[in-house]
1. From Arg91, Arg73, Arg62, Arg36, grab the single residue that is of a type outside the set (Phe, Trp, Tyr), assigned to a strand (DSSP E or B) and either touching a His at 6+ places or on another chain (Cβ under 6 Å) or modelled with pLDDT under 95 (or both).
2. Checking Ala76 against (1) within 17 Å of Glu92 (Cα to Cα); (2) of a type outside the set (D, E, K, R); (3) surrounded by fewer than 12 Cβ atoms within 10 Å (Cβ to Cβ), which single condition isn't satisfied?
3. Filter region 76-88 for residues that are within 17 Å of Asp31 (Cα to Cα) and touching a Pro at 6+ places or on another chain (Cβ under 9 Å); which is modelled with the lowest pLDDT?
4. In region 58-71, what count of residues is obtained for those that are loosely packed, with under 14 Cβ neighbours inside 10 Å and either more than 11 Å from the chain's Cα centre (by Cα) or of a type in the set (A, V, I, L, M) (or both)?
5. Report whether or not Ala30 is without any contact (Cβ under 8 Å) to a residue 12 or more places away in the chain and surrounded by fewer than 16 Cβ atoms within 10 Å (Cβ to Cβ).
6. Among the residues of region 7-24, are any small (Gly, Ala, Ser), at negative phi and surrounded by 15 or more Cβ atoms within 10 Å (Cβ to Cβ)?
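The values are calculated or read from the model by the stated rules, or taken from the named source; none is laboratory data. For clarity, every value in this text was computed on a predicted model and none was experimentally measured. Quick reminder, even Gly has a Cβ in these numbers, built from the backbone with ideal geometry, and neighbours come from all protein chains shown.
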Amino acid sequence: MADNPGMPVTCTLQPSSVEDRLAAWWALAADSIRRRSVPDGTVLTFPAPLAATVEDLVESERACCGFLSFELRAAAGAIELHITSSSAGGREVIELLVGVDAGG
């Protein structure tokens, strides 16, 4: 789902699944080879062999957090994951997911 500026920061993930989802994000973020802040979010760069893992987690997150925008871009030997949100509180959620300053 695309970022919707008026959309409230809500997640439809079952409460019993939140801990596992956060652990998956933290593990993936730990495998990033570069992190940088952008307006309203962050960009993580991963080695190309992790592309399927990144895509799978992004698809799962799109299904429950429509206030976040995810864009995948191919880079030389890598894949960039752009996560942004213009919703109030969205940057804080991005920081929680990937553990970086999200465009503050």
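1. Within the list Arg91, Arg73, Arg62, Arg36, the selection yields Arg36.
2. Condition not satisfied by Ala76: (1).
3. Here the answer is Gly77.
4. Initial filter on region 58-71 (loosely packed, with under 14 Cβ neighbours inside 10 Å): 59, 63.
Checking the rest, the ones that are also either more than 11 Å from the chain's Cα centre (by Cα) or of a type in the set (A, V, I, L, M) (or both) come to 63.
The qualifying residues number 1.
5. yes
6. The answer is yes, given that some residue of region 7-24 is small (Gly, Ala, Ser), at negative phi and surrounded by 15 or more Cβ atoms within 10 Å (Cβ to Cβ).
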